[in-house]
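Peer 1: Sharing a structure with you now.
No lab work stands behind these numbers, since they all come straight from the coordinates. Everything numeric here is computed off the predicted structure, so don't read it as measured data. Quick reminder, even Gly has a Cβ in these numbers, built from the backbone with ideal geometry, and neighbours come from all protein chains shown.
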Amino acid sequence: MGDFLSFLGNNLADFWQFTGFANATGGHFVMILVGLFFIYLAIAKDFEPMLLIPIGFGMLVGNIPFDLEAGLKIGIYEEGSVFNILYSGVTSGWYPPLIFLGIGAMTDFSALISNPKLMLIGASAQFGIFGAYIIALALGFEPNQAGAIGIIGGADGPTAIFLSSKLAPNLMGAIAVSAYSYMALVPVIQPPIMRLFTTSKERVIRMKPPRVVSHTEKVMFPIIGMLLTCFLVPSGLPLLGMLFFGNLLKESGVTRRLANTASGPLIDTITILLGLTVGASTQASEFLKLDSILIFMLGALSFIIATSSGVLFVKFFNLFLGKDNKINPLIGNAGVSAVPDSARISQVIGLEYDPTNYLLMHAMGPNVAGVIGSAVAAGILLGFLM
């Protein structure tokens, strides 16, 4: 009887050593609380639920403690585990181009085609990327790390993942979570900046209705756009090529099934896998470091600079435009590539000051230009930092 009780006691002791309770640290509980907060924001506040729920639940999954020496092969960083295999789409950088394929297939570039000067707003918002890059260098980050951190200012999660997987794989978890966090917080961060840098007179500027864009223009745009941008920055080909290819599928009129697949089941599947594995990569032992805190701070600064740059550029550009061709500065925030949330914010803030002034279609121009601009910026950084 004594031997049996001793045997049972040893088994229970061994079992306890394998439980999450025995292997938990304070860091695990901190990250679980962060994951729960993300899920709360998604459900209660409707902040980017398609992103924050997979990422938030991934944080819960990634911070279930276990004995690393047991060789169970269940963790995301253990080679051969299921999560590690799924995570290879992030580390190898093949999830982001597939996301861009879907974005291209669901994006209407008509607002940009009808008013090409709006491209300049999307370009100006990329100052946030290079501003944060310079600040990160000043804080002691390596050039490749600084470049990967700076891309957060584009508010473009797939681009941030693609670039960080090439330049700073060790920081990818913090960069990806930061980028998606600020994408979700667009409705919180951007409005105060827009109000700060605009006057009551500027907020009610009425813009001319966009002209009707022909089918030929819509078909030619992705072809010409791909050739011009990729000849300029060949290193951006995986993102830009897939973006414009997806748009051609949409606009050609003869590949509707392919466009529907790319913009529906494909992008949804990749979003689930990308969000879950990015969230799971935030294991406390890998994530809770001083660098992660600095990355979140720099990401916020980068996003603020990007938004401010877009709004201020419109104010500057208006100095050279005739009275009837002025641009409402409230669409300057849409130069970041958080599509379509930042364009919706332009609309919401505009309606606050003039309930009959609809800015959404105008804001979509710089918004889709921001998608192109952030991918071009990533290509530039990749070109001279690799």
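Peer 1: If you stretched the chain out fully between residue 11 and residue 85, how much longer would it get, using 0.36 nm times the residue separation minus the C-alpha to C-alpha distance?
Peer 2: Answer, rounded to one decimal: 23.4 nm.
Peer 1: Just going by the charge dipole of the chain, with Lys and Arg at +1 and Asp and Glu at -1 on Cβ, which of 52, 347, 84 is farthest out on the positive end?
Peer 2: Going by the Cα projections, it comes out as 347.
Peer 1: Return the sequence-ordered ³J(HN,Hα) values of region 330-343 in whole Hz as given by the Karplus equation 6.51 cos²θ - 1.76 cosθ + 1.60 applied to θ = phi - 60°, using x for Gly and Pro.
Peer 2: Once rounded to whole Hz, the list reads 5, 8, x, 5, 6, x, 6, 9, 7, 8, x, 4, 5, 5.
Peer 1: From the cross-link list 117/323; 117/218; 117/250, which pairs have alpha carbons spaced over 22 Å apart?
Peer 2: Over 22 Å apart, Cα to Cα: 117/250.
Peer 1: Another question, if that's okay. Multiply the residue separation of residue 227 and residue 320 by 0.36 nm, subtract the distance between their alpha-carbon atoms, and state the gained length in nm to one decimal.
Peer 2: So the extension gain works out to 30.5 nm.
Peer 1: Return the sequence-ordered ³J(HN,Hα) values of region 54-60 in whole Hz as given by the Karplus equation 6.51 cos²θ - 1.76 cosθ + 1.60 applied to θ = phi - 60°, using x for Gly and Pro.
Peer 2: x, 5, x, 5, x, 5, 5
Peer 1: Of 341, 14, 156, which is the most mobile in a GNM of the chain whose springs link Cα atoms less than 10 angstrom apart?
Peer 2: Residue with maximal mean-square fluctuation among 341, 14, 156: 14.
Peer 1: For region 75-152, state what percent of all Cα-Cα pairs lands in each successive 10 Å bin, counting from 0 Å until the bin that includes the largest distance.
Peer 2: 16, 24, 34, 22, 6, 0
Peer 1: Still on this structure: Which entry is the computed Cα extents along the principal axes in Å for this structure: [x] 65, 53, 35; [y] 95, 46, 40; [z] 58, 53, 45?
Peer 2: It is the value labelled [y].
Peer 1: Against the longest alpha carbon principal axis of the chain, how many degrees, from 0 to 90 and to the nearest 10, is the axis of helix 237-251 turned?
Peer 2: Roughly 60 degrees between the two axes.
Peer 1: About the Cα centre of region 91-385, what is the dipole size in debye to 20, counting +1 per Lys and Arg Cβ and -1 per Asp and Glu Cβ, all else neutral? Kindly include the intermediate steps, with their values, before the conclusion.
Peer 2: Working: 17 positive and 13 negative charges, 153 e Å.
Here region 91-385 has a charge dipole of around 740 debye.
Peer 1: Once label points are set 7 Å from the Cα along Cα→Cβ at both residue 24 and residue 170, what is their separation, rounded to one decimal in nm?
Peer 2: My value for the distance between the label points is 3.0 nm.
Peer 1: May I ask for the angle, rounded to the nearest 10°, between helix 95-106 and the longest principal axis of the chain, with both axes built from Cα atoms and the value confined to 0 to 90°?
Peer 2: Roughly 40 degrees between the two axes.
Peer 1: Just name one of 300, 264, 322: the one whose Cα is farthest towards the positive end of the charge dipole of region 91-385 (beta-carbon charges, Lys/Arg +1, Asp/Glu -1).
Peer 2: Value: 322.
Peer 1: For helix 360-385, report the angle its Cα long axis makes with the longest principal axis of the Cα atoms of the chain; keep it between 0 and 90° and round to the nearest 10°.
Peer 2: The helix 360-385 is inclined about 60 degrees to the chain.
Peer 1: Suppose only helical runs count, i.e. DSSP H with n ≥ 4. What mean residue ellipticity at 222 nm does that imply for the chain under -39500 (n - 2.57) per run, divided by all residues and rounded to the nearest 500 deg cm²/dmol?
Peer 2: -22000 deg cm²/dmol
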